[in-house]
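Okay, structure first, notes after.
The values are calculated or read from the model by the stated rules, or taken from the named source; none is laboratory data. Keep in mind it's a predicted model, so treat the numbers as computed, not measured. Glycine also receives a Cβ, built like all others from the backbone with ideal geometry; neighbour counts cover every protein chain displayed.
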Amino acid sequence: MDAITQNLDLFWNGFLRSLTICLWGGVGSLVLGTFIATCRVAPVAPLRTFGTAWVTVIRNCPLSVLLFMFAFGLPEIGINAEYYYFGLAALIIYTSAFVCEGLRAGINSVSAGQAEAARAIGLTFTQTLTQIVLPQAFRTSIPPVGSVIIAMFKNSAVVGAFGVGLDLYSVGESLTSAQGFAALPVLTGVAIGYLMITLPAGVGLGVLERKVAIAR
Amino acid sequence: MSTPSVLYDAPGPRARRRAAVGGAFASVVGLILTGLVIKRLADAGQFSGDLWGPIVNPSNEDFPAVWNLLAKGVQATLTAAALSITFSLIIGGVVGVARMMLGRRARMPVVALIELLRGLPVVITIYFASRVLPELGVDLSGLPGEAGLWFLVIGLTAYNCVIIAEIIRAGVASLPGGQREAALAVGLTPGAAMRLVLLPQAVRVMLPALISQLVVILKDTSLAAVLALYTELLRQGNLIALNLHNPIQILSVVAAIFILINYSLSRLATWVDQRSIRTTRPRRVEPAPANVS
């Protein structure tokens, strides 16, 4: 266990770095995913086509392929950046497709009768949208979008494995490969780092899910 | 909108006009953006025959070798995915049934195992397998194929077997309680009720979710390229690109192959799902949202 206790500060920094990747990735993919979801349900046909194409392509393409494309493809056309930004961009784009599907599932789960009833009692379009449809859609979206964000935290390990450096995965990599510590204790430490987030987050999401559940 | 939506009324003439104007505007913006991307690619010479030739021109000297290697990569990817899904189904089936049939106390280690493995990134389980197994002296040389393949398969199986165990549990849980009660009432043991009555029905309910999980496994095989563990499609493509200096072109082909295979599988899942709607059936099993991984 020396490998962990000696390098506790390294693990902690890696943990924080993974969280940072997840934080920026979460903000980015929620914004982008909301935009794509808006496109997918828009009354304008070209936007819907764009949204559908985006989701179909990104969802069926592995994150690692996107990572390779960003890191090796973009420099070819003169776009250079640190791997960190390439990794973050790929993670955001990849996750946005799943965020979009979570949000869309929420909107689709609101029955048309809700909007019809709202109109029948004289609410305007804006009132119907902001007071009847979206609040219900938002609540239904919380579980799937929450799972997507948890999965994104796990996916930040892929970005780390790609050579972003300094995150939880990279700490394990450098301790075992460069400094020659035994893999078992180091990687167990890395695994604990990920579980420290994913397990409580999963439990929290379950609680939240029961709390915001709508009786239908 | 082709289907009535909760968001909008059926459009009248004015709304249709607005949608048409908005559509035209969006198309123009889209075309301009696409044009900019194409111009950027063209300025960097990315449409040149040197870069595309090995992929699209059969008379190019590299053409046969490139496609031969890509075919090998596809084969390697499919092999890894097939092995992983097979082992995941077998182990996941055992784990899932164990979780359902054991008593409250006895199933605690099983639940703990499921929660632990579910909370880990797949790339970590694969990395763990590739680093820790050799250290513990596990010898895989007796198995056919290279060691990297088996590390990948072990890592993928460790993660996906618990996901499949949960899919199976959800499938059985979605059956009406009367099925189990009736099976026990006619004198079947709990084990026989599970094997003869519950599981066969559950399989039909969870088939779409299982196919969706196969898509996830297929995508995750490409993690082997990130870890430089096993030469599947993505790593194969990357090696070609290093030789021919055309990463954009080769990686586009790799992405297209992945998308084609996975999209077909997703359609298959939808088709199976809709086909089973015809018969009366219990609540559907949602595919694991961890699809993202």
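Looking across segment B:222-236, just one residue is at the interface with another protein chain (Cβ under 8 Å from one of its Cβ atoms) and of a type outside the set (A, V, I, L, M), and that is B:SER222.
Within segment B:61-80, at least one residue is closer than 30 Å to B:PRO144 by Cβ, within 14 Å of another protein chain (Cβ to nearest Cβ) and either part of a loop (DSSP other than H, G, I, E, B) or polar (S, T, N, Q) (or both). Scanning segment B:83-109 for residues that are crowded, with 18+ Cβ neighbours inside 10 Å and out of contact with any helix residue (DSSP H, G or I) (no Cβ under 8 Å at 6 or more places or on another chain) yields a total of 0. Candidates in segment B:246-268 are the residues that are within 7 Å of chain A (Cβ to nearest Cβ) and closer than 16 Å to B:ALA71 by Cα; of these, the one that is surrounded by the most Cβ atoms within 10 Å (Cβ to Cβ) is B:VAL254.
The condition (being outside any helix (DSSP H, G or I) and more than 28 Å from B:VAL203 (Cβ to Cβ)) is satisfied by just one residue among B:LEU133, B:LEU143: B:LEU143. Might you check whether a residue that is touching a residue at least 24 places away in the same chain (Cβ under 8 Å), aromatic (Phe, Trp, Tyr), within 27 Å of B:LEU234 (Cα to Cα) and touching a helix residue (DSSP H, G or I) at 6+ places or on another chain (Cβ under 9 Å) occurs anywhere in segment B:43-51? The answer is no, given that none of the residues of segment B:43-51 is touching a residue at least 24 places away in the same chain (Cβ under 8 Å), aromatic (Phe, Trp, Tyr), within 27 Å of B:LEU234 (Cα to Cα) and touching a helix residue (DSSP H, G or I) at 6+ places or on another chain (Cβ under 9 Å). No other residue among A:PHE68, A:PHE98, A:PHE72, A:PHE50 is within 14 Å of the chain's Cα centre (by Cα) and within 23 Å of B:LEU260 (Cα to Cα) apart from A:PHE98.
Kindly indicate the residue of segment B:91-130 that is in a loop (DSSP other than H, G, I, E, B) and within 14 Å of chain A (Cβ to nearest Cβ) and also nearest to B:LYS72 (Cα to Cα) among those meeting that condition. The residue in question is B:PRO121. All of A:PHE15, A:PHE72 fail the test of being facing chain B (nearest Cβ under 7 Å), touching a Leu at 6+ places or on another chain (Cβ under 9 Å), surrounded by fewer than 21 Cβ atoms within 10 Å (Cβ to Cβ) and of a type outside the set (Asp, Glu), apart from A:PHE72. For B:SER174, the requirement of being more than 26 Å from B:GLN213 (Cα to Cα) and either without any contact (Cβ under 8 Å) to a residue 12 or more places away in the chain or in contact with a Pro (Cβ under 6 Å, 6 or more places away or on another chain) (or both) is not met.
Results for (1) in contact with a Pro (Cβ under 7 Å, 6 or more places away or on another chain); (2) within 21 Å of B:PHE151 (Cβ to Cβ), shown as yes or no for each residue.
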residue	(1), (2)
B:VAL215	no, no
B:THR221	no, yes
B:ALA225	no, yes
B:TYR230	no, yes
B:GLY237	no, yes
B:LEU244	yes, no
B:GLN249	no, no
B:ILE257	no, no
B:ASN262	no, no
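Scanning segment B:146-189 for residues that are more than 24 Å from B:ALA80 (Cβ to Cβ), aliphatic (A, V, I, L, M) and in a helix (DSSP H, G or I) gives B:ALA170, B:VAL172, B:ALA173, B:ALA182, B:ALA183, B:LEU184, B:ALA185. Taken over segment A:178-190, the residue count meeting the criterion of being surrounded by fewer than 22 Cβ atoms within 10 Å (Cβ to Cβ) and more than 9 Å from chain B (Cβ to nearest Cβ) is 5. For the structure I just gave you, tell me whether B:LEU199 is more than 27 Å from B:SER264 (Cβ to Cβ) and either buried (at least 23 other Cβ atoms within 10 Å of the Cβ) or at the interface with chain A (Cβ under 10 Å from one of its Cβ atoms) (or both). Against the criterion (more than 27 Å from B:SER264 (Cβ to Cβ) and either buried (at least 23 other Cβ atoms within 10 Å of the Cβ) or at the interface with chain A (Cβ under 10 Å from one of its Cβ atoms) (or both)), B:LEU199 does not qualify.
The single residue among A:ILE142, A:ILE192, A:ILE197 that is on the phi < 0 side of the Ramachandran plot, at pLDDT below 90, in a helix (DSSP H, G or I) and touching a Cys at 6+ places or on another chain (Cβ under 9 Å) turns out to be A:ILE197.
Within segment A:75-92, the set of residues being β-branched (Val, Ile, Thr) and surrounded by 20 or more Cβ atoms within 10 Å (Cβ to Cβ) comprises just one member, A:ILE92. Inclusion of B:VAL203 among residues that are farther than 19 Å from B:ALA71 by Cα, in contact with a helix residue (DSSP H, G or I) (Cβ under 9 Å, 6 or more places away or on another chain), among the β-branched types (Val, Ile, Thr) and in a helix (DSSP H, G or I) is warranted. Within segment B:206-225, identify whether any single residue is outside any loop (DSSP other than H, G, I, E, B), without any contact (Cβ under 8 Å) to a residue 60 or more places away in the chain and over 30 Å from B:MET100 (Cα atoms), and answer yes or no. The answer is yes; a qualifying residue exists. Can you tell me which residue is farthest from A:ILE93 (Cα to Cα) among those in segment A:1-47 that are among the polar types (S, T, N, Q) and within 23 Å of the chain's Cα centre (by Cα)? Ranking the qualifying residues of segment A:1-47, first place goes to A:ASN13. Kindly indicate whether B:ALA209 is within 30 Å of B:SER48 (Cβ to Cβ) and within 23 Å of the chain's Cα centre (by Cα). The answer is no for B:ALA209. From the list B:ALA112, B:ALA80, B:ALA71, the lone residue that is surrounded by fewer than 16 Cβ atoms within 10 Å (Cβ to Cβ) and within 30 Å of A:GLY73 (Cβ to Cβ) is B:ALA71.
Taken over segment A:138-171, residues that are within 7 Å of chain B (Cβ to nearest Cβ), surrounded by fewer than 24 Cβ atoms within 10 Å (Cβ to Cβ) and under 17 Å from A:LEU199 (Cβ atoms) amount to 2. Find the residue count for segment A:1-41, including only residues that are assigned to a helix (DSSP H, G or I) and over 15 Å from A:TYR194 (Cα atoms). Qualifying residue count for the region: 23.
Across segment B:1-30, the number of residues qualifying as at the interface with chain A (Cβ under 10 Å from one of its Cβ atoms) and assigned to a helix (DSSP H, G or I) comes to 15.
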